[in-house]
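Following: one structure in structure tokens, then a few remarks.
The values are calculated or read from the model by the stated rules, or taken from the named source; none is laboratory data. Keep in mind that what you see is a predicted model, and the values were worked out from it rather than measured. Glycine also receives a Cβ, built like all others from the backbone with ideal geometry; neighbour counts cover every protein chain displayed.
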Amino acid sequence: MHEAVLYEKLPGSRVRCHTCQWRCRINPDKFGVCGMYQNKGGTLFSLNYARVSSVAADPIEKKPLFHFYPGTLCLSLGTLGCNFHCKHCQNWEISTADSGTLGQGCREIQPRASMELAKQYHCQGISWTYNEPAVWFEYTLDSAKLARENNLYTVYVTNGYATPEALDTIGPYLDAWRVDIKGFSDEFYKTLAKVPRWREILEVTKRAKTKWNMHVEVVTNIIPTMNDDAQQLEDIANWIRDELGELTPWHVTRFYPHHHMMHLPSTPLDTIEYAYKIGRNAGLKFVYAGNVPGHQSESTRCYACGKLNVQRLGYQTEIEGLEDSKCKFCGAELNFRSPGSKEGEK
Ligand code: SF4
């Protein structure tokens, strides 16, 4: 067990966790909302440090990250627990598990061992994914520091609910922030994820980009009847354009029935096309349809000269026309990060 990094002690042996925006107040022997932090005698402990439920060498495009080290493999690690309880969670077996199952459900991979695994599997980076990385914050922090020393890039695949303090603690060691902006209304976040306040996700995401120069890509899973209305989609697209910039990739992905949302149909392709058009009409230069194999948006074309920069077919990626972060043919800035790009420096 590791003592938590971000918490305060309160009277009566209570504690308050400041890792994510729940900022749980936790009584002695009790757990936070995520189930992975426990108050033991007035000290807050992370219960899942180095407890890995899922590990794979994934194409970075699978995260999805399309403008970040294209064509590379990243070591993907997840644990148990989550601070959101999304009704459509695809990884609900791990995200809803409690700490009592850490023993059977996980193997131990210490940060240094994860570096070795990454090298063994020819990965150029590490991502914490599958469930919310902030729920094993101490592990991701120690690992991210080591990744820097080992010349590996680092990625959070996140719901964006970490606190600004958590972001600022790991910010010097994190390269990419692949964030879900799941919808754009209080009602939606409350209904889908049981989260009453969500707008700080926007502030923290903006901070990841502006303060820490992280590469940011946004995903919105379009769920029929829940967030497929023009208002929410336009609000998301406009927010990305205004606060993150028109070169920020937006992935609008197809929903498939899962978990507590088996009663809804898969997202119709027309709806994905509709969301795609909303993004382009808002001025976003890179909108990608996700979970739609063979869609015309799968590859990256330069918005200025129309030439092909990166060809993608599923997770097969061919770089056709990139020079650092720019179009090789006309020099337009495309917001790519790769080993040689100056944009990637901190
Ligand atoms: S990380 Fe867990 S314990 Fe800490 S504030 Fe978030 S939900 Fe609560």
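Values for this structure:
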item: Answer from 289, 275 - the residue that is under 29 Å from residue 243 (Cβ atoms), outside any helix (DSSP H, G or I) and modelled with pLDDT of 95 or more; result: 289
item: Helices (runs of 4 or more DSSP H) contained in segment 94-175 and holding at least 3 residues of a type in the set (D, E, K, R); result: 111-120, 137-149
item: Filter result (among the basic types (Lys, Arg) and in contact (Cβ under 8 Å) with a residue 60 or more places away in the chain) within segment 132-186; result: 178, 182
item: Qualifying position, being surrounded by 15 or more Cβ atoms within 10 Å (Cβ to Cβ) and closer than 25 Å to residue 85 by Cβ, among 248, 267; result: 267
item: Enumeration of residues in segment 190-222 that are under 16 Å from residue 255 (Cβ atoms) and at pLDDT below 95; result: 191, 192, 193
item: Count - residues of segment 31-48 that are in contact with a Pro (Cβ under 9 Å, 6 or more places away or on another chain) and either surrounded by fewer than 22 Cβ atoms within 10 Å (Cβ to Cβ) or closer than 30 Å to residue 320 by Cβ (or both); result: 3
item: Conditions (1) in a loop (DSSP other than H, G, I, E, B); (2) closer than 24 Å to residue 154 by Cα; number of the one not met by residue 305; result: (2)
item: Selected residue (criterion: farthest from the ligand (Cβ to nearest atom)) from residues of segment 84-110 that are among the hydroxyl-bearing types (Ser, Thr, Tyr) and either farther than 24 Å from residue 255 by Cα or surrounded by 19 or more Cβ atoms within 10 Å (Cβ to Cβ) (or both); result: 101
item: Pairs where the first residue, in segment 34-45, is basic (Lys, Arg) and the second is assigned to a loop (DSSP other than H, G, I, E, B) and more than 8 Å from the ligand (Cβ to nearest atom), C-beta under 9 Å, 6+ apart; result: 40/1; 40/28; 40/29
item: Unmet criterion (only one of (1) in contact with an Asp or Glu (Cβ under 8 Å, 6 or more places away or on another chain); (2) of a type outside the set (D, E, K, R); (3) within 8 Å of the ligand (Cβ to nearest atom)) for residue 33; result: (1)
item: Selection within segment 221-244 - closer than 17 Å to residue 179 by Cβ, out of contact with any Lys or Arg (no Cβ under 8 Å at 6 or more places or on another chain) and of a type outside the set (A, V, I, L, M, F, W, C); result: 232, 235, 238, 241, 242
item: Index of the failed condition, residue 15 passing every other in (1) within 12 Å of the ligand (Cβ to nearest atom); (2) crowded, with 22+ Cβ neighbours inside 10 Å; (3) under 24 Å from the mean Cα position of the chain (by Cα); result: (3)
item: Count of residues meeting criterion [assigned to a loop (DSSP other than H, G, I, E, B), within 15 Å of the chain's Cα centre (by Cα) and buried (at least 24 other Cβ atoms within 10 Å of the Cβ)] in segment 64-83; result: 5
item: Within segment 177-195, tally of residues that are charged (D, E, K, R), surrounded by 22 or more Cβ atoms within 10 Å (Cβ to Cβ) and assigned to a loop (DSSP other than H, G, I, E, B); result: 1
item: Among residues of segment 69-83, those that are touching an Asp or Glu at 6+ places or on another chain (Cβ under 9 Å), closer than 30 Å to residue 197 by Cα and away from the ligand (no atom under 16 Å from the Cβ), counted; result: 1
item: Per-region count, segment 227-259, residues part of a loop (DSSP other than H, G, I, E, B) and closer than 19 Å to residue 300 by Cα; result: 5
item: Inter-residue pairs, beta-carbon under 8 Å, first more than 15 Å from residue 1 (Cα to Cα) and in segment 98-115, second of a type in the set (Gly, Ala, Ser), 6+ apart; result: 98/35; 98/81; 105/53; 105/97; 114/143; 115/143; 115/147
